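Worksheet: one structure, shown below.
The values are calculated or read from the model by the stated rules, or taken from the named source; none is laboratory data. Just so it is clear, the structure is predicted and the values come from calculations on it, not from any experiment. Reconstructed Cβ throughout: ideal geometry from the backbone, glycine too, with neighbour counts over all protein chains shown. Note: accessible area is taken over every heavy atom of the protein model, side chains too, but ligands, DNA and RNA are not part of it. Shrake-Rupley method; radii C 1.70, N 1.55, O 1.52, S 1.80 Å.
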Number of protein chains: 2
Amino acid sequence: MALRFEILKQDGAARLGRLYTPHGVVDTPVFMPVGTQGTVKAMTPEELRALGAQMILANTYHLYLRPGTEIIREAGGLHRFMHWDGPILTDSGGYQVFSLAPLRRLTAEGVIFRSHLDGSEHLFTPEKVVALQEALGSDIAMVLDECPPYPASREEVTAAVARTTAWAERSLAAQSAAQALFGIVQGGVYRDLREQSARELVALDFPGYAIGGLSVGEPKELMYQVLDWTVPLLPPEKPRYLMGVGHPDDIIEAVARGVDMFDCVLPTRLGRHGGALTPFGRLNIRNACYARDFGPLVPGCDCYACQNYSRAYLHHLVRAGEILGLRLLTTHNLHFLLKLTAEIRAAIARGELGLLRARWRERCGGNRTVLEAEGDT
Amino acid sequence: MALRFEILKQDGAARLGRLYTPHGVVDTPVFMPVGTQGTVKAMTPEELRALGAQMILANTYHLYLRPGTEIIREAGGLHRFMHWDGPILTDSGGYQVFSLAPLRRLTAEGVIFRSHLDGSEHLFTPEKVVALQEALGSDIAMVLDECPPYPASREEVTAAVARTTAWAERSLAAQSAAQALFGIVQGGVYRDLREQSARELVALDFPGYAIGGLSVGEPKELMYQVLDWTVPLLPPEKPRYLMGVGHPDDIIEAVARGVDMFDCVLPTRLGRHGGALTPFGRLNIRNACYARDFGPLVPGCDCYACQNYSRAYLHHLVRAGEILGLRLLTTHNLHFLLKLTAEIRAAIARGELGLLRARWRERCGGNRTVLEAEGDT
């Protein structure tokens, strides 16, 4: 078995854990920066390490289309190709096929889609997606799932759950390497379908479970509700991964419900658009009010950007389209989320997650306001 | 006097020197990476230091228009604003006004131009440009000059030389800080006009002299010819700066003729377009032949990019539009030129610049071929 998970401490439903992978040990709850195309945008692996990143995510869909998984296999696998020797989780491409690729068509075999790059036609089957991830050599692979949009009708979600279970079974049967493969619970915002999906996948005995199809536009309260229904049905001794979630308050709420792993493009994407995560909400450095603001992005923050540069300089860089500007904002945002998860782990260790959660909820009103004012990125 | 220049060793016309500035000592011959908008594109100051950069250049024209020199003054000067505590040279904006800005108009006072950003109208006078650079707080400032295009008629160049001398005189009179101000020799490719410009400026006794209006499209041999005419007329005890020149072979040829300082956007701009400097010419990493090339960019190169990544990965990053790709190529290219200038200094110290120059000339045929095939960037 390529994966071992150890729970060191519980605080309510929250867990402090350790995930043992072929490329090292990961402390959970963990936030995984997203390296869609085999690079966490704008960052070097050494910089990620220095920020405290323990595990990163890469996208099978993107790497399959470009440069091609065969080239990465020839290069000695994704770790070597991208010069990151820590653990990597690859998603299955299910979400991308159902959100990015045009003209998808479901068949008995799998899903046919067109590349968003050149329009060429491709088939993903559960078996092929397992083989692709084995070629990439990731530490954790994900099964191909069907991720319906939000909102989706009961009928659509019912079909997606059935297909996801059938594909999950085929994925397990297709494995040829000792790669840890996670099942993905679907079911939209329908309680019985979430429960059915969880039960069916748990019966297949995966080494870990993801919760998919959330943070796709549904209200936050509904997302937390789905976690309340789903997480208790997952085996307590196995890691739980909430896919695509990385807003600070969502991470805290999900950890409090027993989730161990997270990934999100938020810190990197926001950074490339001039946005900074702060304890009191987001800050858009492009705003004219920062042109003569010679203080740091976040007073007291110990990241490289806040320690060495002013808001006025960052404002100038971003307005002028300078790469250093988005590097510095990306650095700050990743530092913010990685430090938050480190604080979450420390809080669980002390049995004080409730305190951290309450403190965050107090701020959260302000945070939400800014989120709504600026729109979601 | 804000600047002291010491010549440690001569090898033919080439000089090994030391430039003492308020922000530190610079070994010459020196290559200055260009930080047009107050940042050397894609790089942090710490990375520049680690690559061996000793002094950088920033553009008065760009910083005046955005964010505005007043904001930089309020921030405590350009060094503090951009977090670079080494020496900075600022150009005067003369070249930019005469190449970038539309609708320029010469008056008795100076030059009126429109911003390339928003079309707003501005006046640069020699006095104003001195004041702007004093506000920026650079270690070396340049006089406002008139830089005619290539080719330009004898009449145009004659007028530009006269105006450049008149402006140089006004610039010296306008200085209120102890900033080192360099004169700029113009004169196009006309021997007598170059000689006249050099003589007139030398009579004004600047602490250093630049040679402007070269590398603007004229053949390389003509540029070397202009250096042969001009450099011997400059005071031997003062630093000589060839503006905008940074092709490896041009640096070597100019050093051999007695030039001490260089700047060029080549390494950074080339890097952002997928180009790498190599000892045998340029390499365009976008080319399909590199898709499965798992060797380093330049075998034996000890830069971060070559030590840790393959051509195949760089090819992928650049094709996918990933920021890390241009960061790595920029890093390699800056390393290449900074290491070349370090080798030039070592060669002068040993009295072996001739050997280095001959070795480079042997390769140069190949280099030129690639340059011509890919076009100048």
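A few comments on the model shown:
- B:Thr36 passes every criterion in (1) under 14 Å from the mean Cα position of the chain (by Cα); (2) at the interface with chain A (Cβ under 10 Å from one of its Cβ atoms); (3) within 25 Å of B:Glu343 (Cβ to Cβ) apart from (3).
- Residues of the stretch B:119-133 satisfying the condition of being without any contact (Cβ under 8 Å) to a residue 24 or more places away in the chain and assigned to a loop (DSSP other than H, G, I, E, B): B:Gly119, B:Ser120
- Index of the failed condition, B:Arg66 passing every other in (1) more than 13 Å from B:Asp263 (Cβ to Cβ); (2) more than 10 Å from chain A (Cβ to nearest Cβ); (3) charged (D, E, K, R): (2)
- Considering residues of the stretch B:89-123 that are under 25 Å from the mean Cα position of the chain (by Cα) and of a type in the set (Gly, Ala, Ser) only, the residue nearest to B:Ser215 (Cα to Cα): B:Ser99
- Residue check, A:Ala108 open to solvent by 50 Å² or more (accessible area, probe 1.4 Å), at pLDDT 95 or above and either of a type in the set (A, V, I, L, M, F, W, C) or not assigned by TED's automatic domain parsing to the domain that holds A:Gln196 (or both): no
- Test result for B:Thr125, open to solvent by 20 Å² or more (accessible area, probe 1.4 Å) and among the β-branched types (Val, Ile, Thr): no
- Which listed residue is under 30 Å from A:Trp229 (Cα atoms), buried (at least 23 other Cβ atoms within 10 Å of the Cβ) and either away from every other protein chain (no Cβ under 14 Å) or without any contact (Cβ under 8 Å) to a residue 40 or more places away in the chain (or both), from A:Leu100, A:Leu19, A:Leu3: A:Leu19
- Residue that is at negative phi, within 14 Å of chain B (Cβ to nearest Cβ) and touching a strand residue (DSSP E or B) at 6+ places or on another chain (Cβ under 8 Å), where the choices are A:Ile72, A:Ile56: A:Ile56
- All positions within the stretch A:22-33 that are over 10 Å from the mean Cα position of the chain (by Cα) and within 14 Å of chain B (Cβ to nearest Cβ): none
- Taking the stretch B:238-266 as the range and being open to solvent by 10 Å² or more (accessible area, probe 1.4 Å) and closer than 15 Å to B:Ala14 by Cβ as the test, the residues that pass are B:Arg240, B:Glu253, B:Ala256, B:Arg257.
- B:Glu74 over 20 Å from A:Ile285 (Cα atoms) and not aliphatic (A, V, I, L, M): no
- Residues within the stretch B:23-58 that are crowded, with 20+ Cβ neighbours inside 10 Å and either at pLDDT below 95 or of a type in the set (A, V, I, L, M) (or both), tallied: 14
- Verdict on B:Val298 being in contact with a helix residue (DSSP H, G or I) (Cβ under 6 Å, 6 or more places away or on another chain) and either at pLDDT 95 or above or not aromatic (Phe, Trp, Tyr) (or both): yes
- Just one of (1) open to solvent by less than 20 Å² (accessible area, probe 1.4 Å); (2) at positive phi fails for B:Ile140. It is (2).
- Residue check, A:His335 over 25 Å from B:Leu63 (Cα atoms), buried (at least 21 other Cβ atoms within 10 Å of the Cβ) and in contact with a helix residue (DSSP H, G or I) (Cβ under 6 Å, 6 or more places away or on another chain): yes
- With respect to (1) among the hydrophobic types (A, V, I, L, M, F, W, C); (2) in contact (Cβ under 8 Å) with a residue 60 or more places away in the chain; (3) surrounded by 15 or more Cβ atoms within 10 Å (Cβ to Cβ), the lone exception for B:Val298 is condition (2).
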